[in-house]
1. What is the spin-label model distance, in nm, from Tyr29 to Ser279 if the labels are put 7 Å beyond Cα along the C-beta direction?
2. So for Glu287, Glu146, fewest C-beta neighbours within 10 Å to most, what's the order?
3. Compute, for region 138-297, the length of the dipole vector about the Cα centre, with Cβ point charges of +1 (Lys, Arg) and -1 (Asp, Glu) only. Units Debye, rounded to 20.
4. Tell me, what does the Kirkwood hydrodynamic radius of region 19-151 come to in angstroms if you use every pair of distinct C-alpha atoms?
5. First check a/c for region 101-154, with a ≥ b ≥ c the square roots of the eigenvalues of its C-alpha gyration tensor; if it is under 1.5, answer rounded, and if not, answer prolate when a/b is larger than b/c or oblate otherwise.
6. Tell me which of Leu254, Ser194, Leu113 sits at the most positive position along the dipole axis of region 2-292, charges placed on C-beta atoms (Lys, Arg +1; Asp, Glu -1).
7. State which helices in the chain qualify, where a helix is a whole DSSP H run, it must extend 18 Å or more along its own axis by its Cα atoms, and its mean Kyte-Doolittle hydropathy must be at least -0.5.
8. Hey, got the dipole for the chain? About the Cα centre, +1 on K and R Cβ, -1 on D and E Cβ, debye to the nearest 20?
Amino acid sequence: MSFLHDEWSRAAEKVELILAEALPAADAYPEVLHEAMRYSTLGGGKRLRALLVMGACAAVGGDVSRAAGLAAAVEMIHASSLIHDDLPCLDDDDLRRGKPTNHIVFGEAIAVLAGDALLTEAFAELARMPDKYGVSPEVTVRIVAELAQGAGSRGLLGGQAVDILSADQPCDEETLRYIHTHKTGALFRAALRSGALLGGAGAAELEALTRYAEWFGLAFQITDDILDAVGDAEQLGKRTGRDEYLGKQTYPRLYGLERSREMARECVRHCLEALQAFSDRAELLRELAGFVVQRSF
Ligand code: GRG
């Protein structure tokens, strides 16, 4: 995790270990399903959502080591959505994180099932938080509700549905905003809010981190659109030019590249404003806000 300080690189590596342990073993029957789940979850990705969980927990003075299971669960939900996103009936991509997509390796049927199984396993990992990490049952239930809403039809799944329905339609600002705040923003929001809840956030802190999350999600997605249009496929580990090919609604399509870049930087300023009342315990969140628009991968 070369874009981060050592402390946080180590935290991201710890998430990898927790994921490796939490996921069913590759040799457990039915092996192919478990291999497919592990293939798309382990050994890749920026782990941004896990870092946001830990960053929010740290920002409110919580014990970050107790957030490891939550961080792993959020990454499982994310991996589940990536597998489904790449399917032939959705974006039909053959490359992700620098390697062939799940359905290319395991076939379409197993990829669908691996995505479903990862989503389910994420909630099993959340249910283990009281025993494994001493998170109270009350906080666990609130976190389950946050993530279920973030992933469901009023969150990521809803955003994806509108994304598909609006392909090849004339661009319109309201629809674009809906797609981005839901398809991508909802899981960032749920990650930050649940990390904050686990860390014991008060109402004002939760509200400030929710604002940060919303601006962060937008900054991320505008940058993602820009990278799809002009980024380097090798560095990104996936094909570029897909949005244009699929007729997707994007910021560069609606506003042009320069204005989109400016908008992403404005989002980062809003992120930093939302953190104004926080001490240097929010340093990871400040760093991530800067990274998200400067990244090339
Ligand atoms: C099964 C929960 C579930 C959802 C299925 C397909 C679908 C519904 C939703 C698609 C959501 C999606 C993939 C949105 C795009 C978000 C995006 C740009 C992901 C890439 O995130 P990065 O750059 O990826 O953080 P890494 O590889 O670094 O983890």
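1. Here the answer is 5.5 nm between the modelled labels.
2. In order of increasing Cβ crowding within 10 Å: Glu287, Glu146.
3. Details: 19 positive and 24 negative charges, 44 e Å.
Result for region 138-297 is approximately 220 debye, rounded to the nearest 20.
4. Values: mean 1/r = 0.0655 Å⁻¹.
Computed over Cα pairs of region 19-151, the Kirkwood hydrodynamic radius comes out at 15.3 Å.
5. Numbers: a/c = 4.64, a/b = 2.08, b/c = 2.23.
Cα axes put region 101-154 in the oblate bin.
6. Ser194
7. Details: long enough: 6-22 (24 Å, -0.24); 68-85 (25 Å, 0.91); 108-127 (29 Å, 1.21); 137-151 (21 Å, 0.57); 185-198 (20 Å, 1.04); 203-230 (40 Å, 0.42); 257-274 (26 Å, -0.76).
Counting only whole DSSP H runs, the qualifying helices are 6-22, 68-85, 108-127, 137-151, 185-198, 203-230.
8. Numbers: 31 positive and 45 negative charges, 114 e Å.
So the dipole magnitude of the chain works out to roughly 540 debye.
Throughout, read-outs are computed from the coordinates displayed, never taken from laboratory work. The structure displayed is predicted, hence computed values, not measured ones. Heads up, the Cβs are rebuilt from the backbone with ideal geometry, glycines too, and the neighbour counts pull from every protein chain shown.
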